[in-house]
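Taking it in order: structure first as structure tokens, then the write-up.
Every number in this text was worked out from the coordinates using simple rules, so none of it is lab data. Keep in mind that this is a model prediction, so the values were computed, not measured. Reconstructed Cβ throughout: ideal geometry from the backbone, glycine too, with neighbour counts over all protein chains shown.
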Amino acid sequence: MPFQSAAAQPAKDLADLSLEELSNIEVTSVSRRVERLSDAPASIFVITREDIRRAGVTSLPEALRLAPNLQVARTNSNSYAVSARGFNNSVGNKLLVLIDGRIVYTPLFSGVFWNAQDVMLEDVERIEVISGPGATLWGANAVNGVINVTTHAARDTQGALVAAGAGNLERGTAVRYGGKFGAGGHFRLYGKYFDRDNTERANGSPVRDGWDKGQVGFRADWGDSGRSYTVQGDAYRGELEQVAPGMTRIEGLNLLGRWNQKLADGSDLRLQAYYDRTERDQPGTFREELDIFDVDFQHALRPFGSHRLLWGTGYRYARDHVQNSAALAFLPADLDLNWWNLFVQDEIALREGLQLTVGAKLESNDYTGVEVLPNARLAWKPAPDRLVWGAVSRAVRAPSRLDRELFTFPPPGSTTILLKGGPNFRSEISNVVELGYRAQPTTAVSYSLTAFYHDHDHQRSVEPAPGGGFVLDNKIEGSTHGVEAWGNYRVTSSWRLSGGLVLLRQDLRLKPDSRDFVTGISALGNDPNHQWMLRSALDLTPRHELDVIVRHIGALPNPTVPDYTAVDARLGWRARRDLELSLIVQNLFDSKHPEFGSPVTRSEFERSIFVKLLWRL
């Protein structure tokens, strides 16, 4: 089922799999059911557990850099900007992120606090990254992409594991233990802690952005192929330095339960519910306490021989409490928010190798009422190793508290509100056309190509308000279009090359009645018009590995950030079957570079060296 780990991959490392076996990796994000990657009609890239291990990354956002169809920029030591197909900024709001089926965006701004989201990377089975809309199945805010992080079932993480590392910029430790209970039940427990140093500005002065965080969690799975259950949860606490006096403090916990049932007629039922609490105390700005309860049900069935039908419904409730400051406020400070949805999708086999998928979701929110989110996809397999697909979709980004209820104030002595949310702010709309081709022409080569065109309307603008100050409105329109491509080449049985390229063009403009002459379209995001990546994974000997990643990011236009090329390298040594040592160097040939922000305030990221031990007991 979509929120479960797909069938376990073979025990051997994914680095040892052939490209044909890799194309058979199972994914769930495109259709909310298990299907082969080679059959999925979407621009989807899968980051495998072996990709993560061999990259030597230490955080979830850094792991996302491995997806060529994402734009990932580090803004300081503890924050990232992550997007797909443009609109990238530190409060990006057009990307839906799930961790084991739990949606992690905040209704405060419809985006993700990346410093609050973490997993034990050694437990990740795969990360599915879809660029393009996924609103029909995943709802509003899945406008430009979906990231679905899936961890291993508890049965696949048995025994003990210790991961520890230290370097010139960060230190971290993680432990995990997995065991059994009852008749066929499995569990795991984990804990991790890290601390990361401050970054520096271009002139060498320190930025107060260092941070530390601890997290613990568990997962339990039991049942059989006909009926299965999962219960899992996490709790975390962290402290982040900030320019203003004091420390930003974050903490939270979540608890999720899932039931899967296979019926006698071959249909499947799934029921999932979770509770998620987050707290964020940022002195001088705001303090937030957010409680979310979410329940989701789906039913997959085969009513006719050529039809595969999926329908479902869900409800989401959030209680948000904000302690405002003299500079910033969300009014009302206390707010209850409700969402409900109903969706249906039909996959129709028109003939051998030709499939049409049509679906729609009705989703209601407290700001704009019911939104209609349709989608149609056509997939044609002219040969078993080739897939041609096309899609037409409509997606929306529903208003957040920032859009409607934000108020910012000037220093004491002035009564003018600097900026306020728009009481009539409406949903941002994107109509999208995609065309893709995926192939494996030989046993050593595979690749994927996607062309896309997004037509945007009612994008957020900042308009002059009557009586002074500014108000948020919907007076930007335009389009984005481009090409995404990536591929793999198995040079030998011990050497694999892979790479990716994204070309992006944006044509956004103010509507004729807009007076947004202060921020304009630059407030929507800051994106390169091109980026590319090359990766080499080489087994020097059965015990020694050499991995090199080269990333090039084009210049950002406003504010201007120079283009950069980063080279990361890892040398790994398997001292024993259960013991691995790694040396990781990031920015190997670059002493430091910026990735995002204005020249006066932005951080620059220097070369880092990290030594890691991985011990399986």
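Relative contact order for region 14-616: what percent, with Cα pairs under 8 Å and sequence separation of 6 or more?
11 percent
Determine the sum of side-chain charges near residue 91: Lys and Arg each +1, Asp and Glu each -1, restricted to other residues whose C-beta is under 13 angstrom from that of residue 91.
With Lys, Arg at +1 and Asp, Glu at -1, the net is +3.
Give me the net charge for the shell around residue 388: Cβ to Cβ below 9 angstrom, other residues only, Lys and Arg +1, Asp and Glu -1.
+3
Which is farthest toward the positive dipole end of region 168-256 among 215, 183, 246, measuring Cα position about the Cα centre, with Cβ charges +1 (Lys, Arg) and -1 (Asp, Glu)?
Projecting each Cα onto the dipole axis, the largest value belongs to 183.
Only Lys, Arg, Asp and Glu count, each charged at its Cβ (+1, +1, -1, -1), so figure out the dipole size of the chain about its Cα centre, rounded to 20 debye.
So the dipole magnitude of the chain works out to roughly 860 debye.
What does the charge count around residue 431 come to, taking other residues whose C-beta lies under 12 Å from its C-beta (Lys +1, Arg +1, Asp -1, Glu -1)?
Values: positive: 394; negative: 428, 434, 455, 457, 477.
It works out to a net charge of -4.
Sort out for me the Cα centre separation of region 104-118 from region 472-498, rounded to whole Å.
24 Å
For all pairs of alpha-carbon atoms in region 14-616, what percent lies in each bin of width 10 Å, listed from the first bin to the last filled one?
3, 16, 28, 29, 18, 5, 1, 0
So what is the calculated 222 nm ellipticity per residue for the chain, using -39500 (n - 2.57) for each DSSP H run with n of 4 or more, over all residues, to the nearest 500 deg cm²/dmol? Intermediate results must be reported in sequence, preceding the final value.
On the way: 5 runs with 26 residues, N = 617.
Helix-only estimate at 222 nm: -1000 deg cm²/dmol.
Pick out, in residue order, every one of the trypsin sites (Lys or Arg not before Pro) in region 501-556 that is DSSP loop and has at most 14 other C-beta atoms within 10 Å; say none if there are none.
The qualifying sites are 515, 543.
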